[in-house]
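Structure record follows, encoded as structure tokens.
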Amino acid sequence: MLIRALHDEGVDLIFGYPGGAVLHIYDAIFRQDRIEHILVRHEQAATHAADGYARATGKPGVVLVTSGPGATNAITGIATAYMDSIPMVVISGQVESRLIGTDGFQETDMVGISRPIVKHSFMVQHASEIPMMVKKAFHIATTGRPGPVVIDIPKDVTDPKLKLPYEYPADIKMRSYAVPGKGHSGQIKKAVDALLGAKRPMIYAGGGVIQGEGAALLTELTRKLGYPITNTLMGLGAYPASDKQFLGMLGMHGTYEANMAMHYCDVLLGIGVRFDDRVTNSDTSKFCPDATILHVDIDPASISKTVAADVPIVGSVTAVLEEMIECLDQAEQKVDEDALSSWWDQIGKWREKDSLGVTAHTNGVIKPQQVVQALHRITKGDAYVSTDVGQHQMFAAQYYGFDKPRRWINSGGLGTMGFGLPAAMGVQLAFRDAVSVCVTGEGSFQMNLQEFATCMQYNLPVKIICLNNQSLGMVRQWQDMQYGGRYSHSTYAESLPDFVKLAEAYGHVGIRIEKLDDLDAKLEEAFAYKDKLVFVDVRVDPEEHVYPMAIKGGAMKDMILSKTERT
Amino acid sequence: MRRIISLLMENEPGALSRVVGLFSQRSYNIDSLTVAPTEDNSLSRLTVVTNGDERKIEQITKHLNKVVDVVKLVDLSEGAHIERELLLIKVKAVGAQRAEIQRMADIFRAQIVDITPSAYSIQLTGTSEKLDAFIAAQAENTVMEVARTGVCGIARGEKVLSL
């Protein structure tokens, strides 16, 4: 009944791991061929893989795990999806109804444990509820601000001996759940007026634009206005990075020009963003001191949460953007070209700083930034890039210019190490012929490296680019900057495995790159293996820091630009 | 600022824990909480007394509205409203004290609902302030036990919280 409902919901791929409480479900999977099941090697990887699949396709990721440890292992992945508003449905087995509350074998209160990190959850009490609950779960997970939904199913409920009439509901009514649609027209008009009256405008777009499929409309609006735009870490790809109006990513490791333009702008359009502390820096009273703030988001609770909005607009990004463009076309007032041109002159001066400039070492040591630049060259900027968390993630965000939405797959909100490889698997399964790259570090990679085996089983030719600096780079960077270089538990060079041999042990290809001169050729070699997973162990300069970096407690204009320079 | 938020939610398992969990998760205060089914058995009415500045209250109401089980919500303190709380209090009552307590109960329009040779159990309804005052008025070291229900409330006039 469950599998039939999933099929009727349009699910064709499930990531999971069997166990006692879900054996009835696994038997049903065995006896059908409409839904493909991917057996991961750890439940956390199942959630990240489903998450990667969802980020790349826009469709909800589906996960099936057993009760107890199966369910708790899935928690990190659910929290990751929750923080980044990723649609996901997690089905967890539960002990038999009669055992619930008795501390039965492999019993855990999944609905309780997952409560703060799900959009909603269901506990099935009778098999007849399954179709309706599946329908509701997918509806809730995918609409409004998306997010993960858990369905907890006791084992007896899936007993195949239960024979019930089955009908999948065509639609559902929920009196307690409404999805915001269009924005308030008066507010949109106000926002457009404010934008047209701006002398120093700035557009700040985030993950909501990607989740809401608003990238094309955002690009249209931005080009019509001719205004500068920046994307958040989650929003990379919402506006083409190679376009001249794009100032790069903003925030803690954003470009000098993006952060300066944010600080000095007089009208700020925030769209699909949540004024996260990685953007605003910790003290929001110093944030955009001169700006009238226009904030578009589908989640009313995101508006004026950390920064008060002058013009709040609740609605879906596509509906609001469409109406803004229409409003703009009809407006009598035109963009103040003189003001805009001197604003661009100012931005040009900031750009001259070249805050992402990389000076090569003369001794052949590879800088991590150069690896990402080479990766961009070799993949022609058209790969799906998943990452883990740390320095390598920031380098990938800064140096791999994303021109399209849904190409950049990373754990932004929760910052989950171990996310990269399983996410890249999910991407590869969604697009079998696409180039799915995982940029990782040797620290993060070891958090889910068991998925090497899954990649072998399903023949997933993911390309793993490991920026190996033999230490927990971002931790080490902070220890350099704030803890007098005392590397407390951030180094482990002597105990690192031989990653090339490790990849080979799992039946994959391993390549090591140690010299800058070899970088392009060996990366080319890695990508020439079309049907094989290749692990590229790139030895990079461990001393390298991620810059620019926001100065703690400062405004957005306050940045450290290099080891010797600050604003 | 003290606020009374009243809401209707699905009368389903887990709904209450979602609402209460939200408060602890986002470190909002709960001063009191009451919950019971309404005339429509599929709905529960929950009333929570909380405090915070304008911005915090706005966030609380927005987040409560986001909880999938919450159907409708009103901030009663935004307009004229009636709020009531019920108090059951057990006090030592011996000798001359017995008459004194009886008199005080009359003044507060409280009712003595149970009597033993040495104790009275008294019931009182009213605003939280009135209940506070009654407890404070008891003679020193005579209060044996206090049970309060927490606030429930309703808007004045025609305004109703319903579907």
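Brief remarks follow.
- Computed from Cα atoms alone, the Kirkwood hydrodynamic radius reported for the protein assembly as shown is 28.4 Å.
- A cut-off under 10 angstrom between Cβ atoms defines the neighbours of A:L268, and their net charge, with Lys, Arg +1 and Asp, Glu -1, is -2.
- Convex hull volume of the C-alpha atoms in segment A:1-91, normalised per residue: 82 Å³.
- Entry note: segment A:54-156 has Rg to Rh equal to 0.97, where both radii use alpha-carbon atoms and Rh is the Kirkwood radius.
- Taking the Cα centre of the protein assembly as shown as origin and assigning +1 to Lys and Arg Cβ atoms and -1 to Asp and Glu Cβ atoms, the resulting dipole is close to 660 debye.
- Our analysis of segment B:44-107 gives Rg over Rh at 1.25, with the two radii drawn from alpha carbon positions and Rh computed by the Kirkwood formula.
- Equivalent ellipsoid, segment A:17-68 (semi-axes from 5 times Cα gyration tensor eigenvalues, Å): 20, 14, 8
- Delta accessible area of at least 30 Å² on complex formation, residues of segment A:284-320, 1.4 Å probe, chain isolated as reference: A:P300, A:A301, A:S304, A:K305
- With every protein chain in place, segment A:272-348: carbon and sulfur % of accessible area (1.4 Å): 44
- Percent antiparallel among DSSP beta bridges (both partners in chain A, rounded to 5): 5
- Interface of A with B. Using a 1.4 Å probe and counting protein heavy atoms only, the two chains hide about 1700 Å² of accessible surface, both sides summed.
- For A:H48, net neighbour charge (Lys/Arg +1, Asp/Glu -1) across residues whose Cβ lies under 13 Å away: -3
- Expressed as a whole percent, the proportion of Cα-Cα pairs in segment A:109-262 lying more than 21 Å apart is 62%.
- Equivalent ellipsoid of segment B:1-119: semi-axes from √(5λ) of the C-alpha gyration tensor, largest first, are 37, 17, 13 Å.
- Residue-span extension gain [A:A453 to A:S562] - 0.36 nm each, minus C-alpha spacing: 35.2 nm
- DSSP-loop trypsin sites (Lys or Arg not before Pro) across segment A:500-567, with at most 15 other Cβ within 10 angstrom: A:K515, A:K530, A:K552, A:K563
- Gyration tensor over alpha-carbon atoms, segment B:119-163, equivalent ellipsoid semi-axes in Å: 31, 11, 8
- Evaluated over the Cα positions of segment A:399-524, the convex hull gives a direction-averaged projected area, one quarter of its surface, of 9.5 nm².
- Overall dimensions of segment A:489-557 as given by Cα atoms, namely Rg and Dmax in Å: 17.1, 50
- For segment B:1-43, Kirkwood radius (reciprocal of mean inverse C-alpha pair distance, Å): 11.7
- Carbon + sulfur, % of accessible area of segment A:104-184 - ligands and nucleic acids excluded, 1.4 Å: 56
- Alpha-carbon centroid distance for the pair segment A:57-134 / segment A:172-241, whole angstrom: 33
- Spin-label zone in segment A:350-386 - amide nitrogen under 14 Å from a point set 7 Å from the Cα of A:K515 along the C-beta vector: A:362-366
- Solvent exposure of the protein assembly as shown, expressed per residue, is 42 Å² of accessible area, with all protein chains present and a 1.4 angstrom probe.
- Spherically averaged projected area of segment A:299-347 from its Cα convex hull (nm²): 5.2
The values are calculated or read from the model by the stated rules, or taken from the named source; none is laboratory data. Remember, it's a predicted structure, so these values are computed and weren't measured experimentally. Cβ sites come from the backbone with ideal geometry, for glycine too, and all protein chains shown count toward neighbours. SASA here: full protein model, heavy atoms, side chains in, ligands and nucleic acids out. Shrake-Rupley method; radii C 1.70, N 1.55, O 1.52, S 1.80 Å.
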